[in-house]
Amino acid sequence: VHGTAMVEAIAAGCLAIGSPRALQQHGFLFTESTAADDLAAGIKQMRRLVADEALYARELRRQRELIEWLC
């Protein structure tokens, strides 16, 4: 169901937050700061990232670099 949509979203500048278990083909994209198994955990991660601009920038850069390297 996700196909290339997540890759396209990251390439467009979005930060992906999701479940490495549920999204196994994209699991490598997630770190402790971007992994969330449910909506409540996703909201918690978003709040954490909004509060820490350096963390957000680091995670965004990491995902973009992975997509650029792989795609």
List every residue pair whose Cβ atoms sit under 7 Å apart, with the two residues 6 or more apart in sequence or on different chains, where the first one lies in the range 51-71 and is farther than 13 Å from Thr34 by Cα and the second, anywhere, is of a type outside the set (Asp, Glu).
Arg64/Ile10; Leu66/Leu29; Ile67/Val7; Ile67/Ile10; Ile67/Ala11; Cys71/Val7
Looking only at the range 20-69, and only at residues there that are closer than 18 Å to Glu8 by Cβ and not in a helix (DSSP H, G or I), the one that is farthest from the chain's Cα centre (by Cα):
Leu23
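None of the figures in this text is laboratory data; all of them are computed from the coordinates on show. All values derive from a computational prediction rather than experimental measurement. Don't worry about glycine lacking a Cβ; one is built from the backbone with ideal geometry, like all the others, and counts go over all protein chains shown.
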